[in-house]
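Working notes, beginning with the structure itself.
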Amino acid sequence: MATIVAEGTGTPVLELEHEIPFIRKYVFSTDHKTIGIQFLFMSLFFLLVGAVLSVLIRYQLAWPGKAIPLGSALPETMAPDGIMLPEFYNSLVTMHGTFMVFFAIMPLLVGVYANYLIPLQIGAQDMAFPRLNMASFWISVPAGLLMLASFAVEGGAAGAGWTSYAPLSARPDLSGVSLGQQMWIISLVVLGLGSILGAVNYITTVINMRAPGMTWFRLPLSIWALFITAILVLLAMPVLSAAMIMLLFDQTIGTNFFLASEGGQPLLWQHLFWFFGHPEVYILILPAMGFVSEIIANGSRKPIFGYHSMVFAIIAIALLGFIVWGHHMFQSGMNPTLAMSFMISTMVIAVPSAIKVFNWMGTLWEGSIRFHVPMLFAVGFVMMFVIGGLSGIFMAATPVDIYIHDTYFIVAHIHYVLFGGSLFAIFGAIYYWFPKMFGRMINATAGKIHFALTFVFFNVTFFPMHGLGMGGMMRRIYDPQQYEHIAGMQDTNVLVTLGALGLFATGLFFLVVFFYSLFWGKKAQANPWNATTLEWQTPSPPMHGNWSEIPVVYHGPYEYSHPEMERDWLAQNERPDVVSPVAHSTADGS
Amino acid sequence: MDWTLPLNASTQGEMIDRLFWLILVITAIALVVVEIGVVWFLWRYRGREGRRARYTHGSAVAEIVWTAIPALVVIFLGVYSGRLWAQIRGQNSFPEDALTISVVATQFEWNVTYPGADRELGNGDDFTVRNRFEIPVGEPVIVRLESEDVIHSFFIPQLRVKQDAVPGMIIPIWFEATRTGEFQIACAELCGLGHYRMRARVRVRDQASYETWYQEQSAAVEAAD
Amino acid sequence: MTSHAATVESVLRRPEPGLGVYDKKVGMWVFLCSEVMFFAGLIGSYVILRFGASTSWPMPGEVLNVPITAANTFLLICSSVTMVKAFAAIEQGNQRGLRGFLLATALIGALFVTVQIFEYRELIHHGFTPASGLYGASFFTMTGFHGFHVTVGVICLLWATQKAFRGGYTQEDHEGVEVIGLYWHFVDLVWIILFTIVYLI
Ligand code: HEA
Ligand code: HEA
Ligand code: CUA
Ligand SMILES: [Cu+2]
């Protein structure tokens, strides 16, 4: 009875897939799988861009004013004979943050996996609106290229930080950047449109196209996370767009929304930006949490611990995410009483997050743990995210935030949640679904090396930043040497930079592994991880339309180690007669 | 590389540091519980021949426990921080008749204005020094922050003071230095290409030397006109 | 096993919609949520700026020509009515009705935009521009983006009209009409809110 549909129909389809020429299959396709893969290449490219920028940042911070190796290749306006200019440093920081958040992590989580997984995991044949889906990808690409191009224009790329606080971002005369800032705005408005179209598609698909028997509480947690994330995108993005447009008008046609002159309000920009910005950071973590739940259940060979509370935690985090934005503005001059209420709501978010962390531990508990590469990254996620999350508590406490606001303590927080969190989960997801996407495995040993190096260098790079922050080192400064209270910590800055170089080298190693496996990795079967969710019950890679016939769902998503089977996994679409009705009723967690 | 808070020289700094270390202890405990727990589980329940995972969908009791405990902790932290915050930034935390100084930030310098002979700002006799901030020790000081162009942030690490200066707003903050010494004002909000060097001297003087300094300066103004 | 488990439902090309509502309609509703947030962003900013404004805010009648815009508002409301009628018509399978009312809706919409353009020209002529203070800035931004939405609506309506003239919609299948209708009513609703807070209050 242990045969699954894939072994029936898998292999022939696989062969067939390989005869279709690469180009025709991969350019203007409306197949959600292809679009997901297109997003993967796009966002990995921008991840690399963001990484290169970060290395330049680190070089300057470790050896301020020293000529960058090969830096003389850079134009006069950036680094005359290799020595970086302050305005270029500002552009680097701004663009690093922008690329990483909007063009690397966000598309990796949402663009790639919402597209690839939603139809496969809910048992649909494609998205509700395939053409809209293709549009959302082909809108994102020019947005990214426009952003990249802004480095080349007169005055250089935007340099007001990824948060682009007005008036600095609205006053070319004060920032020295005009066209670059405008391209930054337009690029993000365009990207925003793409993401909104995507979100409409994901939401509709999940609501309307679930396979027979796929009730809401049988959805894999990755789908729950992506669904809620799509709602966040849908409701937060347009507010950013509105703000961006006002900023653009301030820049170009002489309005004064955010200019103190004539009654405009600089703080209005911050309120609008962070009303979007905080939901945005949860957009960047919720899907990651979903993937991690998926992988940890599989790696521990156990049903996820507390499925329902995991779902409610996701929803709670999303809701709370809309009422905490003020915690970025404690020192902005916002009314202190208001700050108090933002502090409380912010701290409350620790609770649903705690639920998730402890449920992951509960899943490991009494499991039978397999240490495959995705599992390593998933566990790495839990260990690193907690550090980032807990450092958030320091900042949530308004009095402490007075001191650590805009210091490297924040930078440490950012990277523990976004890299230690989101990016670890993304690496896990890449290893986990790579066989499904490309029909090939990534070499496990290479993967383990990649994990070990990433884990070590990540902590060498970012943990010391807590120390720099406590020492009072401000963010976004071009030359730490300028300040007495920081100068003493230069050796720490050097250490961080060495870590960063190691991290970057590791990234390149991964790049090689990735492309090697793409072409020469060993062929994957339909279900290499013995997983239970639907995408594994069809060939790797799945044929166009995903299924030879729409699957029928009988169980919850994580039926591992069911006592009444000797096989330790039970696919969602395996017939009830395989298990007793009793077990079946517990299976959908009711 | 000493990773710790720089020496503290203000009354509010004491509160802030106390809270910082308290949170550090609490979060450290949470951290150890999680990290040790994870590592221990990984080792204890590593997959081996013949052992099978326990088939369970969760435990209501456990869930309630680990929802309740963090909830209690954060509520405590929230209330405690709230109280400190009120003492530092609350409207009625501001001391009466404290020495009031106006600080106006511009790209990329700090203009500090002291009240003249009449000991209050405005009415002509004030004097302004650039990138120098002199205050008496052991006496509360109110700073009225303004900005002429973009957002800057008035940061004195050793006094644990940080507040954005926003164009179009006058933002008052107060603090009280507890020891004399020389420090730096740093700008903590990205304000353009000179952001990284927008610093100024802070000198916390004992009452006597502050008075003399103050007299010299205001005298200079008198002489000027 | 599933391959043998081909139960009746599982051979469906596609399962029943979870909401019992067809995709396009769900999609449009979802998209409109996003639009709501967009206008909420603009209107919210307007409110904050207005009540935070140090300088006194001009009275409704002072700069803007309320009567003309009131008439224009009435036009837009009429276009919502014709839209409803278009939908009702095709529900009855009445093709002529559909074509007529779709075309009417599109034309009225176009008229609305035209009037708005002339209003702009007048205002700018009298020196009321986006650059002349917060009021101008927020006025032109909000009404401008609404006008943009109307224009997009008109384009969609014209497209639907030509499809209707080619008999593209039937009594059974006219999802397109209903979906465009939803959008159109939304745009109309937004205008009524804008008109109230920008022109009347
Ligand atoms: C993935 C992205 C992500 C995530 C998930 C978070 C999560 C959190 N963030 Fe973070 N944050 C950012 C990304 C993120 N943040 C970014 C990018 C910035 C900088 C923006 C900029 O200025 O450039 C920022 C800035 C930022 C600030 C502003 C700091 C400043 O500028 O002064 C604050 C302040 O409150 C904050 C708080 C929090 C909190 C409380 C959480 C919570 O959600 C964390 C909750 C999780 C835990 C607490 C750990 C798990 C729980 C337990 C183990 C239970 C035990 C715990 C307790 C009992 C406390 N963040
Ligand atoms: C997810 C987001 C993300 C990620 C991954 C990173 C990664 C890194 N960041 Fe990031 N950083 C931010 C988001 C991120 N950052 C944000 C939002 C800010 C705030 C910006 C602002 O202040 O406005 C910031 C600011 C910031 C600063 C503060 C600058 C300042 O305030 O002056 C510094 C300084 O050290 C820094 C360093 C680094 C380093 C060394 C890395 C390294 O980890 C990079 C290591 C390399 C990789 C992770 C690449 C590995 C992958 C590949 C090589 C691709 C492989 C390709 C294929 C397979 C095709 N970052
Ligand atoms: Cu002034 Cu930074
Ligand atoms: Cu936040």
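Applying the criterion of being surrounded by fewer than 23 Cβ atoms within 10 Å (Cβ to Cβ) and facing chain B (nearest Cβ under 7 Å) to the residues of segment A:340-349, the residue that is farthest from ligand 4 (Cβ to nearest atom) is A:340. Checking each residue in segment A:555-569 for being part of a loop (DSSP other than H, G, I, E, B) and either surrounded by fewer than 24 Cβ atoms within 10 Å (Cβ to Cβ) or within 10 Å of chain B (Cβ to nearest Cβ) (or both) picks out A:556, A:558, A:559, A:561, A:562, A:563, A:564, A:565, A:566, A:567, A:568. Restricting attention to segment B:184-201, the residues being assigned to a loop (DSSP other than H, G, I, E, B), more than 16 Å from ligand 1 (Cβ to nearest atom) and touching a strand residue (DSSP E or B) at 6+ places or on another chain (Cβ under 9 Å) number 3. How many residues are farther than 12 Å from residue A:508 by Cβ and in contact with a Phe, Trp or Tyr (Cβ under 6 Å, 6 or more places away or on another chain) if we restrict to segment A:40-56? Qualifying residue count, segment A:40-56: 3.
The set of residues from segment A:64-74 being in a loop (DSSP other than H, G, I, E, B), surrounded by 12 or more Cβ atoms within 10 Å (Cβ to Cβ) and free of Cβ contacts under 8 Å to residues at least 24 places away in the same chain comprises A:66, A:67, A:68, A:74.
Within segment B:182-193, the set of residues being at pLDDT below 95 and small (Gly, Ala, Ser) comprises just one member, B:192. Among the residues of segment A:287-324, the ones that are within 14 Å of ligand 4 (Cβ to nearest atom), in a helix (DSSP H, G or I) and more than 13 Å from every other protein chain (Cβ to nearest Cβ) come to 3 in all. Among helices (runs of 4 or more DSSP H) entirely within segment A:124-243, having at least 3 residues that are surrounded by 24 or more Cβ atoms within 10 Å (Cβ to Cβ) singles out A:130-149, A:179-208. The residues of segment C:42-72 that are farther than 20 Å from residue C:125 by Cβ and within 17 Å of the chain's Cα centre (by Cα), listed by number, are C:42, C:43. Among the residues making up segment A:79-94, those that are surrounded by fewer than 20 Cβ atoms within 10 Å (Cβ to Cβ) and either within 13 Å of another protein chain (Cβ to nearest Cβ) or within 16 Å of ligand 4 (Cβ to nearest atom) (or both) are A:85, A:86. Considering A:380, A:389, A:367, the condition of being among the small types (Gly, Ala, Ser) and more than 20 Å from the chain's Cα centre (by Cα) is satisfied by A:367 alone.
For beta carbons closer than 7 Å, sequence separation of 6+ or different chains, a first residue in segment B:1-21 that is more than 9 Å from every other protein chain (Cβ to nearest Cβ) and closer than 13 Å to residue B:157 by Cβ and a second that is assigned to a loop (DSSP other than H, G, I, E, B) and hydroxyl-bearing (Ser, Thr, Tyr), the qualifying pairs are B:9/B:178; B:10/B:178. Residue B:145 falls short of the stated requirement of being in contact with an Asp or Glu (Cβ under 6 Å, 6 or more places away or on another chain), at the interface with chain A (Cβ under 9 Å from one of its Cβ atoms) and either within 27 Å of residue A:177 (Cβ to Cβ) or of a type in the set (Val, Ile, Thr) (or both). Taken over segment A:1-51, residues that are among the aliphatic types (A, V, I, L, M), out of contact with any helix residue (DSSP H, G or I) (no Cβ under 8 Å at 6 or more places or on another chain) and at pLDDT 50 or above amount to 3.
Out of everything in segment B:202-223 that is loosely packed, with under 15 Cβ neighbours inside 10 Å and of a type in the set (Ser, Thr, Tyr), what residue ends up being nearest to ligand 1 (Cβ to nearest atom)? Among those that are loosely packed, with under 15 Cβ neighbours inside 10 Å and of a type in the set (Ser, Thr, Tyr), it is B:209.
Taken residue by residue, segment B:36-49 has no member that is more than 8 Å from chain A (Cβ to nearest Cβ) and on the phi > 0 side of the Ramachandran plot.
When segment B:62-102 is limited to residues that are among the small types (Gly, Ala, Ser) and more than 8 Å from every other protein chain (Cβ to nearest Cβ), the one that is surrounded by the most Cβ atoms within 10 Å (Cβ to Cβ) turns out to be B:102. Of all residues in segment A:486-502, exactly one satisfies the criterion of being more than 14 Å from chain B (Cβ to nearest Cβ) and either within 25 Å of residue B:6 (Cα to Cα) or free of Cβ contacts under 8 Å to residues at least 60 places away in the same chain (or both), namely A:502.
For segment A:244-265, the candidate set comprises residues that are on the phi > 0 side of the Ramachandran plot and assigned to a helix (DSSP H, G or I); within that set, the residue that is surrounded by the fewest Cβ atoms within 10 Å (Cβ to Cβ) is A:262. The set of residues in segment A:186-238 that are over 20 Å from the mean Cα position of the chain (by Cα) and over 23 Å from residue A:553 (Cβ atoms) contains only A:186. Quick check, is residue A:402 part of a helix (DSSP H, G or I) and more than 11 Å from ligand 2 (Cβ to nearest atom)? Taking the combined requirement at face value, the residue satisfies it. Scanning segment C:38-53 for residues that are within 21 Å of residue A:260 (Cβ to Cβ), surrounded by fewer than 17 Cβ atoms within 10 Å (Cβ to Cβ) and more than 7 Å from every other protein chain (Cβ to nearest Cβ) turns up C:47, C:50, C:51. Exactly one residue out of A:425, A:412 is of a type outside the set (Val, Ile, Thr), without any contact (Cβ under 8 Å) to a residue 60 or more places away in the chain and in a helix (DSSP H, G or I): that is A:412. Of all the listed residues (A:431, A:478), the sole one being among the aromatic types (Phe, Trp, Tyr) and under 20 Å from the mean Cα position of the chain (by Cα) is A:431. For residue A:408, the stated conditions hold: it is modelled with pLDDT of 95 or more, crowded, with 24+ Cβ neighbours inside 10 Å and within 16 Å of ligand 3 (Cβ to nearest atom).
Only residues that are within 14 Å of ligand 1 (Cβ to nearest atom) and either within 11 Å of chain C (Cβ to nearest Cβ) or touching a Lys or Arg at 6+ places or on another chain (Cβ under 6 Å) (or both) were counted in segment A:261-270, giving 1.
The values are calculated or read from the model by the stated rules, or taken from the named source; none is laboratory data. Bear in mind the structure is a predicted one, so any value in this text is a computation, not a measurement. Cβ: placed from backbone, ideal geometry, glycine included. Neighbour counts: every protein chain shown.
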